[in-house]
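Scroll down for the structure; my scribbles are underneath it.
The values are calculated or read from the model by the stated rules, or taken from the named source; none is laboratory data. No experiment lies behind these values; they were computed from the predicted model shown. Cβ placement follows ideal geometry from the backbone for every residue including glycine, while neighbour counts extend to all protein chains displayed.
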Amino acid sequence: MKADLVIHGGTVVTDASAFPASVAVKDGRVLSVGAREAMPEAAETLDATGLHVLPGAIDVHVHFREPGYTHKEDFGTGTAAAAFGGVTTVFDMPNVIPPTGTAEALAMKHKLASEKAHVDYGLYGLLGEDTIAHVPDLVAGGVIGFKLYMGNTFGNTPSPSTGGMLEAFEVVAPTGKRVSLHAETASIMARREARLRAAGRKDPLAHLAARPAVVAVEAVARAAILSEWTGCRIHVLHISSAEELRPLREAKARGVDVTGETCPQYLLLGAEDYGRLGGVIRVNPPVREARNQAPLWAALMDGTIDMIATDHAPHIPDEKVRDDIFTVDCGFPGVETQMPLMLTEVAAGRMSISDYVGWTAVAPAKCWGLYPRKGVLQPGADADIAIVDLGHHWAIDDRKLQSRAKITPWHGRAVTGLPVHTLVRGRFVMKDRTLVESARGWGRSVHTIQEMPKPELRNPDSTMTAIVQKPDGASGVAA
């Protein structure tokens, strides 16, 4: 059998080891991994001598802003940034205009993504009190999972009451889909921000003061209880504090199907950076005190935190450099810088390259029902590949980012490690640090290959649907 492509000379990385090997690709899938002399004849070869061959990263948390905010980003620029960052699959959030909370809005977003995406993608459906009824149609229309906002962030998506959240979990649980949570308690933050504003506080650190770690502790604990009661799978987004690790660990110990992520900004930045960066650092949840970094790293190592994502949340410079921190749009680009930032920590000895692959490829694929089709380089898997130079020293330059929003807290930061080539399903989407323009529209939705395990429903007799049904023989008239 003749391969389409064989990659020779590189070091292949798994979540358990790294070893010299060649990789053959045929019809978008990995055909074989092994010795050079064992590889088939190929239409094309690539010399990866001195480079490492990784399964492409899967970023389960991006905001590509389309439709509605395309001056900030769109699927074309966002997925180009992903390609340059060695990211081959992204999950896009629903806080756009219109929100991705109906079958019609989802269909429109699928069309936009399919026309522009350079990499594969999943689309979240919005889960709130006014979208619960749309859950079946959203599942049928092709969502990777659902997003529920327990706290306020960009787009001012309403947070459901705890009663609404319980009902939402009851409805999603039978589908087997996972619900990703912005786990901050809305009422605490609203009250504190109002008091800070009344006191004249608008400095950058006022944002951190409005969102103490207890907002995450309470939200994670509450979500875990509702997940445990219903059997709904949940995922805790952007874990930022040491304190919220306790309810996460306790929930996992109780058997709750909960996963979690953290992001480079929480691992590498601290409160002392607010003075230097001003509004650029504003993100929800906030970057916290540096004392949180070591516990977050330890939680990755021991499996409490399952994966690294980015919360890629682009805004243009004018929206990030305002004098009043409460008027600064929250977030910044990250999908293009995550891999270099984390590979720098590999170079520093904080973790191994296999740890990195585990957190950015294997774990996301397993948690979201995509493994072993994605997240690994083995025969039969999609040929989603990031070929990286672990020894390349350079500095991040916001002006050179593919993202439309060219302002990040990483500008000028020295890093070690660079994606040189990125392939999605066997096709180059970035080659020799150049975007392959013909790959625009190559990305496809991964919901078609998602296979989540059968859900384990709990307390089905007490769901909202169950209790509002008339008992057999009842007249429905109160005595």
Note on A183: of the conditions (1) of a type outside the set (V, I, T); (2) within 17 Å of R322 (Cα to Cα); (3) surrounded by 23 or more Cβ atoms within 10 Å (Cβ to Cβ), unmet is (2)
Quick check: is even one residue across the range 147-158 aromatic (F, W, Y) and closer than 30 Å to E451 by Cβ?
-> yes
Residue within the range 273-288 that is within 20 Å of G176 (Cα to Cα), surrounded by fewer than 24 Cβ atoms within 10 Å (Cβ to Cβ) and modelled with pLDDT of 95 or more present | no
Tally of residues being surrounded by fewer than 19 Cβ atoms within 10 Å (Cβ to Cβ) and either assigned by TED's automatic domain parsing to the domain that holds T310 or polar (S, T, N, Q) (or both) across the range 419-441 = 2
Only unsatisfied item for E73, checking (1) in contact (Cβ under 8 Å) with a residue 40 or more places away in the chain; (2) charged (D, E, K, R); (3) surrounded by fewer than 23 Cβ atoms within 10 Å (Cβ to Cβ); (4) not in a helix (DSSP H, G or I), is (3)
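A quick yes/no check of all residues on (1) under 30 Å from Q450 (Cβ atoms); (2) among the acidic types (D, E); (3) surrounded by 24 or more Cβ atoms within 10 Å (Cβ to Cβ):
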residue	(1), (2), (3)
C330	yes, no, no
L343	yes, no, yes
I353	yes, no, no
G375	yes, no, yes
H392	no, no, no
R399	no, no, no
P409	no, no, yes
T416	no, no, no
Does P94 satisfy being farther than 22 Å from I396 by Cα and either among the acidic types (D, E) or surrounded by fewer than 16 Cβ atoms within 10 Å (Cβ to Cβ) (or both)?
-> no
Sort through R254, R291, R211 and tell me the only one that's among the basic types (K, R), out of contact with any Cys (no Cβ under 6 Å at 6 or more places or on another chain) and buried (at least 16 other Cβ atoms within 10 Å of the Cβ).
-> R211
Give the residue that is farthest from the chain's Cα centre (by Cα), with candidates limited to residues of the range 261-272 that are touching a residue at least 60 places away in the same chain (Cβ under 8 Å) and buried (at least 24 other Cβ atoms within 10 Å of the Cβ).
-> Q265
Would it be correct to say that D323 is closer than 17 Å to K72 by Cα and surrounded by fewer than 15 Cβ atoms within 10 Å (Cβ to Cβ)?
-> no
Spot the failing condition for A113; the list is (1) surrounded by 20 or more Cβ atoms within 10 Å (Cβ to Cβ); (2) part of a loop (DSSP other than H, G, I, E, B), and only one is missed.
-> (2)
Considering each of M307, M301 in turn, give the residue that is under 26 Å from L343 (Cβ atoms) and crowded, with 18+ Cβ neighbours inside 10 Å.
-> M307
Matching residues in the range 158-177 - criterion: being buried (at least 24 other Cβ atoms within 10 Å of the Cβ) and of a type in the set (D, E, K, R) = E170, K177
How many of the residues making up the range 343-401 are assigned to a helix (DSSP H, G or I), among the hydrophobic types (A, V, I, L, M, F, W, C) and farther than 20 Å from G28 by Cα?
-> 8
Sole exception among (1) farther than 30 Å from A140 by Cβ; (2) surrounded by fewer than 20 Cβ atoms within 10 Å (Cβ to Cβ) for L245, by number = (2)
Any idea how many residues of the range 234-252 are among the β-branched types (V, I, T) and not in a loop (DSSP other than H, G, I, E, B)?
-> 2
Being out of contact with any Ser or Thr (no Cβ under 8 Å at 6 or more places or on another chain), acidic (D, E), without any contact (Cβ under 8 Å) to a residue 24 or more places away in the chain and within 20 Å of P264 (Cβ to Cβ), is that true of even one residue in the range 373-390?
-> no
Answer yes if at least one residue in the range 137-147 is in contact (Cβ under 8 Å) with a residue 60 or more places away in the chain and surrounded by fewer than 20 Cβ atoms within 10 Å (Cβ to Cβ), and no otherwise.
-> yes
Over the range 116-139, the set of residues closer than 26 Å to V424 by Cβ and in contact with a helix residue (DSSP H, G or I) (Cβ under 8 Å, 6 or more places away or on another chain) is K116, A117, H118, V119, D120, Y121, G122, L123, G125, L138, V139
When residues of the range 97-136 are filtered for being of a type in the set (F, W, Y) and free of Cβ contacts under 8 Å to residues at least 60 places away in the same chain, how many remain?
-> 1
